[in-house]
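> Just dropping this structure here.
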Amino acid sequence: MTVDETRNAHAPFERVDRSEYGYNVKQVDQFLAKARQYYTSNDPDAQTITSRDVRAMAFDPARGGYEAEAVDAALDRLEDVFAQRERDQLIGDEGEEAWLMQIGRISAVLRARLHRDDGDRFRRPKKRKSRSYNVEDVDDLCHDLLGYFEADQPLSVDVVRRAVFRSAEGRNGYEEAQVDAFMDKVVELMAAID
């Protein structure tokens with residue numbers, strides 16, 4: 001058995017070659033252990049981890065680290081499990097009506113933005129040289145989201161999670177932070193529904 005085979009034998013994910021960058025192994029292992037501990041704990045005082053925490057988790061790059069695609073896929077599944085648990089807990093504590101009201105409120109806010117005209121859905125950066133997202137790419141995904149929310153067209157939450165928009169410059173594109181925050185809410189809603 002080679003050194004790399006031994007290194008991967010007990011790892012939860014494949015590791016990239018030592019000359020390549022992957023996710024920091026220690027950070028990934030610590031986060032997953034913390035998430036597992038919270039999920040299996042019956043201690044009401046345990047530090048809470050939410051589906052939003054899982055979605056927002058980022059790891060430092062490290063040579064020879066875990067393969068990013070495999071870790072991202074595992075985090076997506078973990079986020080879905082936590083979202084389901086949060087939904088079940090809300091229904092158990094406050095009833096299905098409370099869950100439906102929460103979903104309805106979030107959906108109404110998102111759909112209001114989705115119904116804006118192409119090119120006017122999000123702010124434009126104030127600085128001319130700011131990085132921004134290609135308007136057409138973002139609007140195309142918004143059309144797909146409208147189909148999902150209002151016409152029962154199939155759309156996987158993973159499509160939104162993995163959406164990549166071409167770069168634009170300044171006012172030629174949408175402000176990245178606002179689009180990212182919106183897409184984060186879309187993923188939260190889709191994970192709670194599916």
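Read the figures in this text as sums done on the coordinates, not as results from a lab. This one's a predicted model, so the numbers in the text were calculated from it and none came from an experiment. FYI the Cβ positions are ideal-geometry reconstructions off the backbone, even for glycines, and counts take in every protein chain you see.
> Give me T50, T40 ranked fewest to most by other Cβ atoms within 10 Å of their Cβ, as a rough exposure proxy.
T40, T50
> Right, something else. Only Cα pairs within less than 10 Å get springs; with that Gaussian network setup on the chain, which residue of R162, R52, R85 has the largest fluctuation?
R162
> Before anything else, pin down the relative contact order of the chain: Cα pairs under 8 Å, at least 6 apart, normalised by residue count, whole percent.
Details: 213 pairs, mean separation 40.6, N = 194.
Relative contact order comes out at 21 percent.
> For region 3-92, evaluate the Debye formula with one uniform point scatterer on each Cα (no solvent term) and list log10 I(q)/I(0) at q = 0.13 Å⁻¹, rounded to two decimals.
With no solvent term, the Cα-only Debye profile gives -0.49.
> Using the count of nearby Cβ atoms within 10 Å as a rough guide to exposure, how do K126, K34 rank from fewest to most? Could you put the intermediate results ahead of the total?
Numbers: K126 9, K34 14.
Fewest-to-most Cβ neighbours within 10 Å comes out as K126, K34.
> I need V159, V16, V28, V164 ordered by Cβ neighbour count within 10 Å, fewest first.
Working: V159 14, V16 17, V28 24, V164 7.
In order of increasing Cβ crowding within 10 Å: V164, V159, V16, V28.
> Can you give the relative contact order of region 95-193 as a percent, counting alpha carbon pairs under 8 Å and 6+ residues apart? Mind showing how you got there, number by number?
Details: 108 pairs, mean separation 37.8, N = 99.
Relative contact order for region 95-193 comes out at 38 percent.
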